[in-house]
Amino acid sequence: MAGAAAEQRRLASVVESWQGRPVLVIGDAMLDEWRFAESDRLCREAPAPVLTLRRRISAAGGAANTAVNVAALGGRAVLVAPVGADVAGDELHDCLDRAGVWDRTVNQPGRPTPLKRRMLAGNQILLREDSGEPDDPLDPDGVQRLLTALDCATEELRAVTGGEPPTLVVCDYGLGALPTPVRAWLVANRERFATVALDAHDLADWRGLAPTVVTPSFAEATRLLARATRRSAGPELHLDHPDGDPADGPSELTVGAAPGDRTPRAEQPRSDGAAVRTNSGPAGPEPTAAGLDGTSRTARIDRTGPTGEPTPGEGRVAMTGDGLSVTATGVTVNAAAGEGVDRAVLAESRLAELHAHTGADVVAVTLDTEGAVVGAADGERRRSHSTPVPASHAVGAGDAYLAAMTLALAAGAPLSTAAQLAQLTATITVSDTGTCVCRRDDLLAALDQPVQDPGRPVVVDADELAAIVETQRDGGRSVVFTNGCFDVLHRGHVRYLEQARTLGDLLIVAVNSDESVRRLKGADRPVNPVEDRAALLAALSCVDHVVVFEEDSPASLIKVVRPDVYVKGGDYPPEMVPEAPLVRRLGGQVRTLGYVPDRSTSQIIERIRTHSQERETDPSLSSKPS
């Protein structure tokens, strides 16, 4: 036990050491929108559920989520990325501001911000709608402004660190934010950055960057090996990825086990004499791909199939007659390794080649629900494991993994420590539906380390509350705010506050002063003075802070807190809440939560009074049992 505690303290010291470390993130930024609905009937027009929207959440996605995770983990994050002049772009700016990310994004009029809108019912994703035109190239002026922002952000970070080179994270998801001039600039200016992390769907586009760490998925690593072998025309590997190569297709993987329609497939000869199946279609030569065992294979091509970004299911290995296969757009890679060989074993066996092809010091091949395989150029290997979760819980977990891995390596942590912290960070984030963000406090809590100043009071005044909220927002936390008299604390209050706490990261409860309660409830209220009411609320584990206000309305406090979610109890709709217009004007949401039936302060007080009157009129009720 003592050894485990010492190990946790050692890991926590690394988390503390990266506090404030400057990190420049550049790449494809997007907005994630989550719409939570309920359904209890089917549509008459079609066998489809009728949905009633209950809640909507917007979150930073892609490179923006990586920057948010860096900030939430305690680093100093700066984001450079093209963002559209549209509603999605405005919301993305708000997400970055709330998370404390230095927003150095470049406005791109006429080029929409990529948006992924998910509709859920019962935490099940029913559909996802992608909007925007990510394939639209940046115009020359946009490229130049992006390069200027990149150069200025680099110098800005150097200035705040006394000339020390910052860390760079490149997030290339094939959405057009990193055109050739930007990639060339990053390669040419590599020496201006101490640690460089690369997460790219197409690693072949980044030859020459010499990153410190790359974090490909298993499918992305496989694609790189396949292209490297296929393009080999001599002793040197040609990893350039020219535009318009029909054999490669898009960088993203196809959705599903087999792209395109399910028409019969003809068997084609393979180099080892066996046969593989290819989609039937127009006649023409089939390109070859490389297996993880280094042998040549016939690639399966379908230029009409749908494409999309990799998902946990797409990267999985399917058993075939001669081993394992991974299907990517334009290439099928077979590894005749035999039955029983898993992806981790395959990835570890090819780490040396991945080091050679990427030039990276550290290669971390992520295996979604199976964890990751991490290797250093000197041959050190680490295997980490994960717990399977629903797909809706794992959106953005790779961004959290990348952020922690980068911060740990930038802080000088050894490979084993960086791999351990990165996997723990990703695991923490997948506990609920939504875009994954891991906060420094959550990581320290998972290491059984204290995360709050024990001297920080729970009951605070308005000035203290303002400072606390600012600090929490800088750490990427969302704020839930509610108010009330809470005169006689009962079960209904407790359940209501517990529900409110689930809507965000920090629950603030504003309590009416005694004078305020008298004005609202009458001269005989409150039953308990405000000191007692505040102390009882502060004792609840779901309540983070309590503040007392003198006015009849909490409007002044709402302006100070600017809550992400404002909660009231009752069966009336949010539109009937008097503070709703103010909250929405400040960018927050309004939620109403029902009380426990037959549980209210007034009813409890009335029962006490009735019982007291009965005791006065019937002396037998006052006598003690014999």
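The values are calculated or read from the model by the stated rules, or taken from the named source; none is laboratory data. This one's a predicted model, so the numbers in the text were calculated from it and none came from an experiment. When we count neighbours, we look across all protein chains shown, and the Cβ atoms used for this are built from the backbone with ideal geometry, even at glycine. Surface accessibility is based on the protein's heavy atoms, side chains included, excluding ligands, DNA and RNA. Shrake-Rupley method; radii C 1.70, N 1.55, O 1.52, S 1.80 Å.
Going by the structure shown, is LEU31 part of a helix (DSSP H, G or I) and open to solvent by less than 10 Å² (accessible area, probe 1.4 Å)?
no
Taking the stretch 533-584 as the search range and keeping residues that are among the hydroxyl-bearing types (Ser, Thr, Tyr) and touching a strand residue (DSSP E or B) at 6+ places or on another chain (Cβ under 8 Å), which one is most open to solvent (accessible area, probe 1.4 Å)?
Step by step, filter the stretch 533-584, then rank; the result is TYR572.
Within the stretch 29-71, can you find the residues that are touching a helix residue (DSSP H, G or I) at 6+ places or on another chain (Cβ under 6 Å) and of a type in the set (Ser, Thr, Tyr)?
Correct list: SER58, THR66.
Taking the residues in the stretch 432-483 that are of a type in the set (S, T, N, Q), modelled with pLDDT of 75 or more and crowded, with 17+ Cβ neighbours inside 10 Å as candidates, determine which candidate is nearest to the chain's Cα centre (by Cα).
Ranking the candidates gives THR435 first.
Filter the stretch 371-384 down to the residues that are of a type outside the set (A, V, I, L, M) and in a strand (DSSP E or B), then identify the one that is least open to solvent (accessible area, probe 1.4 Å).
GLY375
Could you grab the pairs with beta carbons closer than 6 Å, sequence gap of 6+ or different chains, first residue in the stretch 560-582 and within 26 Å of ASP461 (Cβ to Cβ) and among the hydrophobic types (A, V, I, L, M, F, W, C), second one at pLDDT 90 or above and part of a loop (DSSP other than H, G, I, E, B)?
Here the result reads none, with nothing in the stretch 560-582 linked to a residue that is at pLDDT 90 or above and part of a loop (DSSP other than H, G, I, E, B).
State yes or no: is LEU127 open to solvent by less than 40 Å² (accessible area, probe 1.4 Å) and touching a strand residue (DSSP E or B) at 6+ places or on another chain (Cβ under 7 Å)?
Considered against the rule, which asks whether it is open to solvent by less than 40 Å² (accessible area, probe 1.4 Å) and touching a strand residue (DSSP E or B) at 6+ places or on another chain (Cβ under 7 Å), LEU127 comes out as no.
Can you name every residue in the stretch 498-525 that is under 19 Å from SER556 (Cα atoms) and hydroxyl-bearing (Ser, Thr, Tyr)?
The answer is SER513, SER516.
Across the stretch 66-93, what is the number of residues that are polar (S, T, N, Q) and either open to solvent by 10 Å² or more (accessible area, probe 1.4 Å) or farther than 25 Å from LEU586 by Cα (or both)?
Final tally of qualifying residues: 1.
Among VAL560, VAL511, which is in contact with a Phe, Trp or Tyr (Cβ under 9 Å, 6 or more places away or on another chain), within 30 Å of CYS95 (Cα to Cα) and not charged (D, E, K, R)?
VAL511
Is it the case, given these coordinates, that ARG111 is modelled with pLDDT under 90, closer than 30 Å to GLY504 by Cβ, in contact with a helix residue (DSSP H, G or I) (Cβ under 8 Å, 6 or more places away or on another chain) and not in a strand (DSSP E or B)?
It is false that ARG111 is modelled with pLDDT under 90, closer than 30 Å to GLY504 by Cβ, in contact with a helix residue (DSSP H, G or I) (Cβ under 8 Å, 6 or more places away or on another chain) and not in a strand (DSSP E or B).
If you go through the stretch 189-234 one residue at a time, how many are small (Gly, Ala, Ser), closer than 27 Å to CYS152 by Cα and modelled with pLDDT under 90?
Of the residues in the stretch 189-234, 1 are small (Gly, Ala, Ser), closer than 27 Å to CYS152 by Cα and modelled with pLDDT under 90.
Select from the stretch 361-370 the residues that are surrounded by 22 or more Cβ atoms within 10 Å (Cβ to Cβ) and in a loop (DSSP other than H, G, I, E, B) and list them in ascending order.
LEU367
Please determine, by comparing only the residues of the stretch 514-532 that are open to solvent by 50 Å² or more (accessible area, probe 1.4 Å) and assigned to a helix (DSSP H, G or I), which one is nearest to THR471 (Cα to Cα).
Filtering first and then ranking leaves GLU531.
May I ask you to say which residue of GLY27, GLY20 is in contact with a strand residue (DSSP E or B) (Cβ under 9 Å, 6 or more places away or on another chain) and within 19 Å of LEU444 (Cβ to Cβ)?
The conditions single out GLY20.
Does any residue of the stretch 12-26 turn out to be in contact (Cβ under 8 Å) with a residue 40 or more places away in the chain, farther than 30 Å from PHE193 by Cβ and assigned to a strand (DSSP E or B)?
no
When only residues in the stretch 162-171 that are open to solvent by less than 40 Å² (accessible area, probe 1.4 Å) and in contact with a helix residue (DSSP H, G or I) (Cβ under 7 Å, 6 or more places away or on another chain) count, which is nearest to ALA200 (Cα to Cα)?
Filtering the stretch 162-171 for residues that are open to solvent by less than 40 Å² (accessible area, probe 1.4 Å) and in contact with a helix residue (DSSP H, G or I) (Cβ under 7 Å, 6 or more places away or on another chain), the one nearest to ALA200 (Cα to Cα) comes out as CYS171.
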